[in-house]
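Novice: Structure in structure tokens, see below.
The values are calculated or read from the model by the stated rules, or taken from the named source; none is laboratory data. Note that the structure is predicted; figures quoted are calculated from it, not measured. Glycine gets a Cβ as well: all are built from the backbone with ideal geometry, and neighbour counts include every protein chain shown. Protein only, heavy atoms only, side chains kept; ligands, DNA and RNA dropped before computing areas. Shrake-Rupley method; radii C 1.70, N 1.55, O 1.52, S 1.80 Å.
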Amino acid sequence: IELYKPYYRPRLPSIIVEGEIDAISIYEALGVVNYETMRGVKANVIALGSANNWHKLANSEIDNLIIALDNDNAGSEATGKLIAELTKRGKKFRVVNLYGKYKDANECLMNDRKFLESEVIKCLENG
């Protein structure tokens, strides 16, 4: 979660995923190949590094969160803890399923890139 700081844009929503590969998968689905092409993306994508790092996000200055953790037990448990803590802190957030039947962003990208791309775009447009 510390790696986001050099590229963090405070006025944009932040899509929160579990792993670094998932963050890269979201960017790849949106056509980001380097920092220059990232400028057109209207969101930050931040990896927790692990579902167990949910508390680092709750304690950070990041706001306007889109929680999109893995579709597994660890992701569901961390999402529940985040909802409770973020609500208590009065942070703006919403929880989304961007991956449909897939476990995470990378699995979704590998199996149905168009679906992931459309879900992320839809999520950002309905922000």
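Novice: Take the residues in segment 39-69 that are outside any loop (DSSP other than H, G, I, E, B) and open to solvent by 20 Å² or more (accessible area, probe 1.4 Å), then tell me which one is farthest from Pro13 (Cα to Cα).
Specialist: Asn52
Novice: May I ask you to say which residue of Thr79, Thr87 is without any contact (Cβ under 8 Å) to a residue 12 or more places away in the chain and either on the phi > 0 side of the Ramachandran plot or among the β-branched types (Val, Ile, Thr) (or both)?
Specialist: Thr87
Novice: Now a separate question. Quick check on my filter: what residues within segment 70-127 are in a helix (DSSP H, G or I), in contact with an Asp or Glu (Cβ under 7 Å, 6 or more places away or on another chain) and modelled with pLDDT under 95?
Specialist: Listed by number, the list holds a single entry, Gly75.
Novice: Would you confirm, using the coordinates I've provided, whether Val45 is out of contact with any Gly (no Cβ under 8 Å at 6 or more places or on another chain), at pLDDT below 85 and of a type outside the set (D, E, K, R)?
Specialist: The answer is no for Val45.
Novice: Taking Phe115, is it over 18 Å from Tyr7 (Cβ atoms), open to solvent by 10 Å² or more (accessible area, probe 1.4 Å) and under 12 Å from the mean Cα position of the chain (by Cα)?
Specialist: It is false that Phe115 is over 18 Å from Tyr7 (Cβ atoms), open to solvent by 10 Å² or more (accessible area, probe 1.4 Å) and under 12 Å from the mean Cα position of the chain (by Cα).
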